[in-house]
Amino acid sequence: MASAERLDGDVLAARLRQDLKARVAGLRARGVVPAMATVLVGDNPASLSYVGRKHADCAEIGIAARDIRLPATTDRQELLAGIARLNADPAIQGFLVQLPLPAGLDEAEALEAVDPGKDMDGLHPVNLGRLLAGRPGLLPCTPAGVLALLNHHDVPLAGRHVVVIGRGALVGRPLAMLLSMPGVDATVTLAHSRTPDLAGLTRQADVIVSAAGRTDLVTAAMVRPGAAVVGVGITYLDGQMVSDIADDVAGVARWVTPRHGSVGSLTRAMLLKNLLDIAEGVAG
Ligand code: NAD
């Protein structure tokens, strides 16, 4: 069985972190200490792990990082006041509110309360709107990571048909926008849970990106030989992270992400890239 080239997000992310380190050195040489903050409400184990990795990346790269922990009982006013303090803090160039928030807190409201100029996640409606308007600013990190991965492996996108599975606001929808931007020039179909005959659609694709969070959603029978297949969605099976892409896809695709890998490390690299873009902009 032919075996596909592995689209390894971790390898690319390690390279990107080296580039970011050099940018941090440049900022520090000009007297600017890049500094970010994370706001974690409650103690969701996955969120604790994600936040921990973000701080580990900052330590590696030389970015100062403030780890703000709020109890699960935090109410709307307290959360919004914490966000307002970070918006006003000149020592912090960018920050994020870790999702999901505990029940009772409004995620959309929290994202919207972040100063768009400090929105490392690129998820503020202003930044998503700029992408939609064709004037991208801070990009949403997971879509930006997927594009970086495809570009790094020279997967052709211009004029090619990309099927994005999943219309979530975090990944699928902004990724469809990004891939169809002038300069990238893919023809994008955005599929979702109400799309009939998903397999018929994906079999016409040059590139498939699945951001649904359904184990083994994309199987070999759904892939045209020679296609590139990227798994973004994740589920946990027996404590192990599994992507949306079934094992047998590697026998048909030309490029594929690993079953137990994810683009998480690339998402984090793009997060810190956004921070440095902000810091360099502020430094002038
Ligand atoms: P979401 O829940 O908002 O969206 C999921 C989408 O998948 C929905 O639009 C739904 O219509 C679609 N979907 C579900 N089942 C489907 C099916 N059987 N066929 C076709 N479409 C189907 O999720 P999100 O916030 O956009 O995140 C998407 C996935 O990406 C999740 O699994 C999330 O955990 C993962 N994710 C990974 C990273 C990373 O860095 N690796 C970052 C963010 C999100």
- Extension reserve of the Thr73-Leu48 stretch, reckoned as 0.36 nm per residue once the Cα distance is removed: 7.4 nm
- Message: To check my understanding: the extent here is largest minus smallest coordinate of the Cα atoms along each principal axis. What are those three numbers for the range 216-274, in Å, largest first?
- Response: 37, 29, 13
- Item | Measure of compaction for the range 1-157 (Cα Rg per 2.2 N^0.38 Å) | 1.15
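For every helix of n ≥ 4 consecutive DSSP H residues, a contribution of -39,500 (n - 2.57) applies; sum these over the chain, divide by its total residues, and give [θ] at 222 nm rounded to the nearest 500 deg cm²/dmol.
Computed mean residue ellipticity for the chain: -12000 deg cm²/dmol.
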- Query: Which helices pass in the chain if a helix is a full DSSP H run, must span at least 27 angstrom along its long axis by Cα, and must have mean Kyte-Doolittle hydropathy not below 0.5?
  - Reply: 264-283
- Item | Contact order relative to length of the range 114-226, as percent, for alpha carbon pairs under 8 angstrom and 6 or more apart | 23
- Item | Base-10 log of normalised Debye intensity for the range 159-231 (one unit scatterer per alpha-carbon) at q = 0.13, 0.18, 0.19, 0.20 Å⁻¹ | -0.32, -0.62, -0.69, -0.77
- Provide the three semi-axes, in whole Å and in decreasing order, of the ellipsoid equivalent to the chain as defined by the square roots of 5 times the Cα gyration tensor eigenvalues. 32, 21, 18
- Task: Treat each spin label as a single point 7 Å out from the Cα along the C-beta direction, and report the Ala133 to Lys21 distance in nm.
- Result: 3.8
- Note on the structure: DSSP beta bridges in the chain: the antiparallel percent, rounded to 5, is 10
- Loop-only check: which trypsin sites (Lys or Arg not before Pro) in the range 154-201 are DSSP coil with at most 15 other Cβ within 10 angstrom? Arg194
- Task: Sorted from largest down, give the three principal axis spans of the alpha carbons of the range 157-284, whole angstrom values.
- Result: 52, 39, 28
- Using alpha carbon centers only, the range 131-191 is separated from the range 212-258 by a whole-angstrom value of 18
- Query: With contacts defined as alpha carbon pairs under 8 Å and 6 or more residues apart, what's the relative contact order of the range 1-67 in percent?
  - Reply: 37
- Over the chain, calculate the relative contact order: mean separation of alpha carbon pairs under 8 Å at least 6 apart, over the residue count, as a percent. 22
- Message: Run the numbers for His192 and Glu60: contour at 0.36 nm per residue of separation, minus the present Cα-Cα distance, in nm.
- Response: 43.8 nm
- Note on the structure: the chain, Gaussian network, Cα under 10 Å: of Ala220, Ala253, Ala84, the residue fluctuating most is Ala84
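Name the trypsin sites (Lys or Arg not before Pro) in the range 2-94 that are in a loop by DSSP and that have at most 13 other C-beta atoms within 10 Å, would you?
Qualifying residues, ordered by number: Arg30.
Rule-based calculations on the coordinates, nothing more; no lab input. Not measured: the values here are computed from a predicted model. When we count neighbours, we look across all protein chains shown, and the Cβ atoms used for this are built from the backbone with ideal geometry, even at glycine.
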